[in-house]
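Visitor: The structure follows.
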Amino acid sequence: METRRRFPPPSCTSPSPASTLRSLPAAPRSSGDRIQASDALPIPIRHTNLLFSLLFVCSIVFLMRRWRDKVRESIPLHAVDLSELVSIISVVASLIYLISFFGIAIVQSIVSSHEDEVDDFLPDSKMTPSPAPSSDLAMPVLAGREDEDIIAAVVAGKTPSYALESAIGDCHRAAEIRREAIRRISGRGLDGLPLEGFDYGSILGQCCEMPVGYVQLPVGIAGPLILDGREHYLPMATTEGCLVASTNRGCKAIAESGGAASVVLRDAMTRAPVVRFLTAARAAELKFFLEEPTNFDNLSVIFNRSSRFARLQDIQCALVGRNLYMRFCCTTGDAMGMNMVSKGVQNVLDYIQNDFPDMDVISLSGNFCSDKKSSAVNWILGRGKSVVCEAVIKEEVVKKVLKTSVSALVEVNTIKNLAGSAIAGALGGFNAHASNIVSAIFIATGQDPAQNVESSHCITMMEAVNDGKDLHISVTMPSIEVGTVGGGTQLASQSACLDLLGVKGACMESPGANARLLATIVAGSVLAGELSLMSALAAGQLVKSHMKYNRSCKDTSKAASN
Ligand code: ADP
């Protein structure tokens with residue numbers, strides 16, 4: 001298969017990949033391509049390759065024949081005439097060209113595949129331009145200067161705040177100086193915001209720019225959650241009172257009923273670039289091209305080169321006039337996968353640009369993905385891990401632990417979570433408080449909290465089973481977006497919480513197993529949270545209706561007696 005060139009990663013100061021792509025001309029050779037020496041040639045590279053190869057072969061053949069004749073005629077080999085001299089020069093020149101071309105290509109391919117892995121291990125290096133790459137720390141030009149001088153330079157605007165890490169070469173000192181500069185500039189202190197006790201080097205170039213401290217969040221532990229026969233203690237970072245206690249109560253009810261069970265229905269992170277053509281007919285051509293199984297197989301090969309863990313599964317297309325939205329779905333191992341899928345998509349766009357030179361890439365993300373926004377596409381087709389989790393809660397447990405009844409729970413669930421959400425026009429919000437549990441676990445385990453939007457999509461079902469005695473409860477969550485490597489997961493506190501759950505880092509035996517297990521734990525915790533809050537509501541509802549109807553009965557009887 002022909003090797004196509006890739007867009008270079010954006011430099012620290014370059015615009016975002018989306019804006020870079022936006023400015024691409026609709027030409028087969030994208031302006032974003034890495035500039036190579038061959039770009040300066042007046043004729044296409046394949047022609048020069050052919051030319052030098054022919055030159056090499058012809059010269060060698062000529063020289064061989066010539067030397068064979070010389071040997072036969074006993075003429076000394078070192079007595080070269082002009083034609084031989086020209087041939088020798090041609091052989092040397094073409095050899096130099098061919099070695100340079102193919103040798104460099106081989107070295108480049110080795111280096112670029114290494115770069116890919118290096119990039120992979122620097123999570124956001126491609127997608128988020130970093131103002132202070134760690135390599136710059138090797139040239140700390142302000143390291144020897146007094147703090148006071150540097151603070152004054154920052155306050156005066158002579159030294160940019162974002163450059164402190166690279167200019168000083170000490171991340172902690174940079175944060176301290178920035179903090180003091182901010183205090184002087186704003187006239188306000190940051191007394192309650194701790195500075196000490198955090199490894200600022202661990203976030204450099206990947207988690208947070210221009211740090212001045214860190215926010216403290218309490219982490220509570222609920223559980224054990226008995227899920228699929230295993231015990232899990234759930235770390236929840238929250239400032240909402242009762243949340244951990246309530247989830248804990250749900251876990252207890254689940255445990256006393258024999259535990260919950262979960263199934264991962266689907267595992268696919270998505271990214272949907274949008275491209276535009278001159279006509280809708282042409283956009284449709286690309287759609288049909290992508291839907292052709294052989295083309296899909298070729299594109300999978302291109303896509304999967306982006307990482308050892310990225311595996312393309314599907315491309316879902318949607319057309320809006322002459323714009324084509326291509327929703328690439330792929331497995332991403334134990335990574336949440338946004339960077340991975342974006343890189344794969346970029347490779348595929350580069351590739352198909354050659355067959356569709358009139359394709360204008362509008363944006364690497366066309367919102368049909370759909371990331372960090374409430375959308376029907378995620379709710380219906382899923383994004384990340386699609387999980388269903390269920391449990392049968394025994395009648396006596398509903399009474400003893402949850403202080404309510406099966407019939408009350410089923411009734412409240414139908415009227416609140418199903419009918420109530422329907423009348424509210426909910427999109428994936430057919431639950432009591434899934435996002436409470438999702439957010440708390442996301443923050444504790446270093447997930448992207450903004451993905452709580454779609455990760456909290458959940459429909460909670462409750463039915464009476466076993467002759468109406470017991471409660472069958474399930475949560476169906478089609479788009480839980482979690483990872484156990486990359487992003488904030490490697491930071492010390494978050495990593496400790498993942499460790500508590502037994503899903504820290506990459507799963508060596510089966511890549512992706514840790515992330516899938518984490519997704520099921522999130523769903524199981526949501527199940528516990530739903531059970532507990534719904535019980536509180538059901539019990540409260542019963543108390544209220546008791547009060548109301550008892551009073552009204554009293555009133556009626558009073559009225560009757562009066
Ligand atoms: P994301 O795509 O979620 O933003 P990153 O860009 O941080 O994640 O990619 C995760 C990194 O972890 C990649 O460099 C990948 O090569 C590496 N990695 C190591 N082991 C695994 C694994 N089991 N699954 C996925 N990625 C892994």
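The values are calculated or read from the model by the stated rules, or taken from the named source; none is laboratory data. Source: prediction; values computed, not measured. Because the Cβ atoms are built from the backbone with ideal geometry, glycine has one as well, and the counts that use them run over all protein chains shown. The protein model used for the area step is the full one, side chains on, heavy atoms only, and it has no ligands, DNA or RNA in it. Shrake-Rupley method; radii C 1.70, N 1.55, O 1.52, S 1.80 Å.
Visitor: Write down, largest first, the equivalent ellipsoid semi-axes of the range 238-378 in whole Å, where each equals the square root of 5 times an eigenvalue of the alpha-carbon gyration tensor.
Guide: Equivalent ellipsoid of the range 238-378: 38, 17, 13 Å, largest first.
Visitor: Right, here's the next one. For residue 304 and residue 143 in the same chain, what is the full-extension length gain: residue separation times 0.36 nm, less their Cα-Cα distance, in nm?
Guide: Between residue 304 and residue 143, full extension yields 53.7 nm more.
Visitor: Using alpha-carbon pairs under 8 Å, 6+ residues apart, how would you state the relative contact order of the range 45-103 in percent?
Guide: Reported as a whole number, the value is 51 percent.
Visitor: Sequence-distant or interchain residues sharing an amide H contact under 5 Å with residue 363, placed H: which?
Guide: 274
Visitor: Can you compute 3J(HN,Hα) from phi for each residue in the range 360-373, using the Karplus curve 6.51 cos²θ - 1.76 cosθ + 1.60 with θ = phi - 60°, rounded to whole Hz and x for Gly and Pro?
Guide: Here the 3J(HN,Hα) series is 9, 6, 7, 7, 5, 10, x, 6, 8, 5, 10, 9, 6, 9 Hz.
Visitor: Taking θ = phi - 60°, what integer Hz values does the Karplus form 6.51 cos²θ - 1.76 cosθ + 1.60 yield along the range 178-185, in sequence order, with x for Gly and Pro?
Guide: So the J values, rounded to whole Hz, are 4, 5, 5, 4, 5, 4, 6, 5.
Visitor: First select every other residue whose beta carbon is under 11 angstrom from the beta carbon of residue 535; then total the charges, Lys and Arg +1, Asp and Glu -1.
Guide: Net charge around residue 535: +2.
Visitor: Which sequence of 58, 242, 251 reflects their accessible areas, 1.4 Å probe, from the largest down?
Guide: Order by accessible area, largest first: 242, 58, 251.
Visitor: Next up: Within a Cβ distance under 10 Å of residue 278, other residues only, what is the Lys/Arg minus Asp/Glu net charge?
Guide: That works out to +1.
Visitor: I've got another one for you. With a 1.4 Å probe and all protein chains left in place, how much accessible area per residue does the range 45-103 have, in Å²?
Guide: About 71 Å² of surface per residue is accessible.
Visitor: Out of residues 5 or more away from residue 512 or on other chains, whose amide H comes under 5 Å of its own, with H placed 1.01 Å from N in the peptide plane?
Guide: Amide H neighbours of residue 512, under 5 Å, 5+ apart: 334, 507.
Visitor: Is the shape of the range 141-216 best called rounded, prolate or oblate, per the rule: a/c under 1.5 gives rounded, else a/b larger than b/c gives prolate, else oblate, with a ≥ b ≥ c the square roots of the Cα gyration tensor eigenvalues?
Guide: Oblate, since a/c reaches 1.5 and b/c is not below a/b.
Visitor: OK, next. Return the carbon/sulfur percentage of the accessible area of the range 141-216, one whole number, probe 1.4 Å, all protein chains in place.
Guide: Using a 1.4 Å probe with all protein chains present, the range 141-216 comes out at 51 percent carbon and sulfur.
Visitor: Can you compute 3J(HN,Hα) from phi for each residue in the range 157-167, using the Karplus curve 6.51 cos²θ - 1.76 cosθ + 1.60 with θ = phi - 60°, rounded to whole Hz and x for Gly and Pro?
Guide: For the range 157-167, the Karplus curve yields x, 7, 10, x, 4, 5, 8, 4, 4, 6, 6 Hz.
Visitor: Roughly how many percent of the accessible protein surface of the range 45-103 is carbon and sulfur, given a 1.4 Å probe and a whole-percent answer?
Guide: 76
Visitor: Work out the FRET efficiency for residue 466 and residue 422 from their Cβ-Cβ distance, taking R0 = 30 Å, and round it to the nearest 0.05.
Guide: 0.60
Visitor: Whole number in Å², please: accessible area per residue of the range 429-502, 1.4 Å probe, ligands, DNA and RNA not counted.
Guide: Heavy-atom accessible area per residue stands at 31 Å².
Visitor: Kindly report the accessible area of the range 308-363 per residue (heavy atoms of protein chains, probe 1.4 Å, no ligands, DNA or RNA), in Å².
Guide: Ligands and nucleic acids excluded, the result is 28 Å² per residue.
Visitor: Got a number for carbon plus sulfur as a percent of the range 273-363's accessible area, 1.4 Å probe?
Guide: Percent of accessible area from carbon and sulfur atoms in the range 273-363: 56.
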